[in-house]
1. Which value in nm describes the separation of the simple spin-label points at A24 and W204, placed 7 Å from the Cα toward the beta carbon?
2. Go through the range 71-124 and name the trypsin sites (Lys or Arg not before Pro) that are in a DSSP coil and have 11 or fewer other Cβ atoms within 10 Å of their Cβ.
3. What helices does the chain hold that run 18 Å or longer along their axis, going by alpha-carbon atoms, with a Kyte-Doolittle average of 0.0 or more, using DSSP H for the helix calls?
4. Any idea what diffusion coefficient the range 55-100 gets from Stokes-Einstein, in µm²/s, Kirkwood Rh on alpha carbon pairs, 20 °C, 1.002 mPa s?
5. At 7 Å along the Cα-to-beta-carbon direction for both A7 and A233, put a label point, then send me their distance in nm to one decimal.
6. Using helices alone, what [θ] at 222 nm do you get for the chain, with -39,500 (n - 2.57) per DSSP H run of 4 or more residues, divided over all residues and rounded to the nearest 500?
7. May I have the convex hull volume per residue, in Å³, for the Cα set of the range 227-319?
8. Can you work out the FRET efficiency for the pair K255 and R280, with r the C-beta to C-beta distance and R0 = 22 Å, to the nearest 0.05?
Amino acid sequence: MLIRATAKSYNKIMAEVVSVIRSAPAEQVSQILREYFASQRSEVGYWPGDEEVRRELATIPVYRKLSRGRLRMVLEAVEDHWRGWIPGQVSAAGMRIRRASYAIEHVMPQAWIKNWALPPGGSEAERDARIHRLGNLTLLTQKLNSTVSHGPWLGEKGKATHLQAKDVVLLNSKLLKDYSSKQWDEAGIDRRTEHLIDAVLAIWPVPQGHTVHIDRAQTDSSITVEIADLIGAGHIAVGQSLYSRPGKYGGFTGKVLSDGRIEVGGQVFDTPSSAGQAIRGKPTNGWHFWRLEPSGRRSLKEVRAEYLRLVSPEEVEEEEGNSGAAD
């Protein structure tokens, strides 16, 4: 998520993870899983290293590139980490930050030009490039009103004074420790970005000595969805009746078997398309051909799209637009 890598084929990876867990001795599961993820070599499955994460987060405008929910999750995790909620240790704080109840706020406002003068030799482009970076974001118990939010940093009615009244979170109190009486600027954003990245890498660590090796030849970005995947996710039940699309080839029925295959007229087929081809006598897109209702209103393709929204949301549009004949 942080480096904006693709989530394609995660359904395949998680199926392998289930197999790894089942075959591992209970006391060794965590170590074996770490080894499994660290051994991945494809572009869609590799475990990003600290260097790549730091390089990306140093300059990425996270406010625009990550959804608000995901960005809030990262900031909440950093807050907990700074409070002492570290695996294997006793927290130094009484409680974690309350989830999904804080607003994400820019320290230097997006509309900075009126009250935040550039320093001598400063560049508007360099400042604008930093506005949405991780180091310029914080969490507040309530959103600053527009006057204070876009106002100056220092002064009796400045943003720093307003933040001091809401420093119940360490994201703010640590910021104000160094900048309560000093102008918040580009250098401050850069330093705070690095501190937040340090926390991110500590919260989600890679194994010691982990290095990234990507085998381009192994890269396979396609997503394969089978009926068995839909059964496992609860989208289709074993024994589900399937109905051929109304029209020239309407009136045929099939049944979903426990292993994900489809029985039609006493014959068993491995895929929806092979079952549809047996009826039509030519290559058939079985996901579009088979319906879950006699009226033909709901197709397997729609159920497949629902599944994809869970395992790989960014691929739904591509999958919905794929009307090829093969599985």
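1. 1.9 nm
2. Values: sites: R72, R83, R96, R98, R99, K114; in loops: R96, R98, R99, K114.
Filter output for the range 71-124: R98, R99, K114.
3. Values: long enough: 10-23 (20 Å, 0.50); 68-83 (22 Å, -0.83); 186-203 (26 Å, 0.19).
Within the chain the helices that satisfy the rule are 10-23, 186-203.
4. Values: Rh = 11.9 Å.
For these conditions, the coefficient is 179 µm²/s.
5. That separation, rounded to one decimal, is 1.1 nm.
6. Values: 15 runs with 135 residues, N = 327.
Taking each H run of at least 4 residues, the total per residue is -11500 deg cm²/dmol.
7. Working: hull volume 8.6 nm³, N = 93.
For the range 227-319, the hull spanned by Cα atoms encloses 93 Å³ per residue.
8. Working: r = 19 Å, r/R0 = 0.85.
Computed FRET efficiency for K255 and R280: 0.75.
Bear in mind that the values in this text are calculations on the coordinates, not laboratory data. The shown structure was predicted, so the numbers you read here are calculated from the model rather than taken from an experiment. All Cβ positions, glycine included, derive from the backbone under ideal geometry; neighbour counts span all protein chains shown.
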